[in-house]
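Enquirer: Here it is: the structure, laid out below.
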Amino acid sequence: MDDKRFWVGLTLVRGIGAVRLQALINHFGSAADAWQGSSDQLRAAGLGAKVIERLIEARKTIDLDQLWDKIAAQGIKIMTWDDELYPPRLKEIQQPPPVLYVRGELLPEDHFAVAIVGTRRVTSYGRQVAEELAAFLAANGVTVVSGLAHGVDAVAHSAALKAGGRTIAVLGSGVDRIYPPENRALAEQMMTRGALISDYPVGAAPEAANFPPRNRIISGLSLAVIVVEAGETSGALITAGFAAEQGREVFAVPGSILAPQSKGANRLIQNGALPLLTPADLMQALNLTRVGAQKSARKILPADEVEAQLMNMLGNEPMHVDEIRNQTGLPVERVSAALVMMELKGMVRQVGGMNYVAVREVQSGYSA
């Protein structure tokens, strides 16, 4: 039996979020054992009486096999933290969603992603800017992420597809409940060159309370968030806030000081967001000018023993090239050459001063 169905079951229990699910898996060793645990075992794992009561009730009322068959019949894939293709950038955020429901396909190349968000009441100016930005990013191999809403979101998704690129929508409902329904045809197109994803279960309605939390996933998937147009209370500002907390770059498109749709975006610039004047500025600021070269290098340059050794050593904390050389015992020129190649392949990133961190979406294919 696929262990993922137990992940799904556990996340359906109110009170079991990312932190508690991790604690359960750490304690039991697997989601299956956690789902089947006794009251005493669940208590020992740190669950309170109310949550234990809800979990036991869920085991009585939810037929996991039947639910799994329903999910599979709709062509929905389940992705957990344990999946190799779980977006590595998303895994870095605080409390990443343990389960993602996916229609379409997430690919390693979606690591190069930028979010474009904004108002539902987009002006002709905002529409033109969103179209040009999305088309430019798509043409340069960058996946466009947004939320499938009316206005800026839909414009960005459509423009990315028209440019032949990939695009991902993060929903505030189950992936089987397309919202708004007027964008159903657009969603169908996206599933052929991108994906619809959600951390809400199948059948979940698009309730207003769902949308602010889903915005953390939009920013979490992305290198940066671009706010095209946004009023003073726009949900796009929530996405920008999550992006800042997650250490992502926030860009805002300047607009007329008289236009209500630009008040939020202009305020972001006033508070430190980078004003976006041309698409090329974005590519330069994010060092995305080499996306094509990085993707090609991944395909044509195989990993070797040195790369494997360096990948095992590097993590999220910056490590200086001298320390890397000392720990490996390899000549500095060998280490430097390997790091240059690994950076081209997108396996590591230099964070200044000859310090390197690993980019974990690429794993070495070398085995000793």
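The values are calculated or read from the model by the stated rules, or taken from the named source; none is laboratory data. What you see is a predicted model; the values in this text were computed from it and never measured. Counting neighbours? That spans all protein chains shown, and the Cβs are built from the backbone with ideal geometry, glycine included.
Enquirer: Please pick out the residue among Leu274, Leu314, Leu310, Leu288 that is modelled with pLDDT of 80 or more, surrounded by 15 or more Cβ atoms within 10 Å (Cβ to Cβ), under 26 Å from the mean Cα position of the chain (by Cα) and under 30 Å from Thr123 (Cβ atoms).
Expert: Step by step, each of Leu274, Leu314, Leu310, Leu288 is checked, and only Leu274 is modelled with pLDDT of 80 or more, surrounded by 15 or more Cβ atoms within 10 Å (Cβ to Cβ), under 26 Å from the mean Cα position of the chain (by Cα) and under 30 Å from Thr123 (Cβ atoms).
Enquirer: Among the residues of segment 208-250, which ones are small (Gly, Ala, Ser), in contact (Cβ under 8 Å) with a residue 60 or more places away in the chain and closer than 16 Å to Phe112 by Cα?
Expert: Ser219, Gly220, Ser222, Ala224, Ala243
Enquirer: With Leu64, Leu100, Leu137, Leu133 as the choices, which residue is in contact (Cβ under 8 Å) with a residue 40 or more places away in the chain, touching a Phe, Trp or Tyr at 6+ places or on another chain (Cβ under 8 Å) and buried (at least 22 other Cβ atoms within 10 Å of the Cβ)?
Expert: Step by step, each of Leu64, Leu100, Leu137, Leu133 is checked, and only Leu100 is in contact (Cβ under 8 Å) with a residue 40 or more places away in the chain, touching a Phe, Trp or Tyr at 6+ places or on another chain (Cβ under 8 Å) and buried (at least 22 other Cβ atoms within 10 Å of the Cβ).
Enquirer: Do we find that Ile78 is of a type in the set (Val, Ile, Thr) and surrounded by fewer than 19 Cβ atoms within 10 Å (Cβ to Cβ) in this structure?
Expert: So Ile78 passes the test.
Enquirer: Looking at (1) loosely packed, with under 14 Cβ neighbours inside 10 Å; (2) of a type outside the set (Val, Ile, Thr); (3) at pLDDT 60 or above; (4) not in a helix (DSSP H, G or I), find the lone condition where Leu330 falls short.
Expert: (1)
Enquirer: Please go through segment 241-268 and give me each residue that is touching a Phe, Trp or Tyr at 6+ places or on another chain (Cβ under 9 Å) and either exposed (fewer than 15 other Cβ atoms within 10 Å of the Cβ) or in a helix (DSSP H, G or I) (or both), ordered by number.
Expert: Ser256, Gln261, Ser262, Leu268
Enquirer: Continuing with the same structure: Which number in (1) touching a helix residue (DSSP H, G or I) at 6+ places or on another chain (Cβ under 7 Å); (2) crowded, with 23+ Cβ neighbours inside 10 Å; (3) within 18 Å of Ala240 (Cβ to Cβ); (4) β-branched (Val, Ile, Thr) marks the one condition that Thr143 misses?
Expert: Tallying (1) touching a helix residue (DSSP H, G or I) at 6+ places or on another chain (Cβ under 7 Å); (2) crowded, with 23+ Cβ neighbours inside 10 Å; (3) within 18 Å of Ala240 (Cβ to Cβ); (4) β-branched (Val, Ile, Thr), Thr143 fails exactly one: (3).
Enquirer: Moving on. Does Pro108 fit the bill of being under 25 Å from Thr192 (Cβ atoms) and in contact (Cβ under 8 Å) with a residue 12 or more places away in the chain?
Expert: So Pro108 fits the description; yes.
Enquirer: Considering only segment 88-196, give the helices (runs of 4 or more DSSP H) lying wholly within it that have at least 1 residues that are of a type outside the set (A, V, I, L, M) and closer than 21 Å to Arg248 by Cα.
Expert: Where helices (runs of 4 or more DSSP H) fall fully within segment 88-196 and carry at least 1 residues being of a type outside the set (A, V, I, L, M) and closer than 21 Å to Arg248 by Cα, they are 88-91, 124-139, 152-162.
Enquirer: Being closer than 26 Å to Thr278 by Cβ and at pLDDT 95 or above is true for just one of Val155, Val170. Which residue is that? I'd like the intermediate steps shown before the answer.
Expert: Details: Val170 fails: closer than 26 Å to Thr278 by Cβ.
Testing whether each residue is closer than 26 Å to Thr278 by Cβ and at pLDDT 95 or above leaves just Val155.
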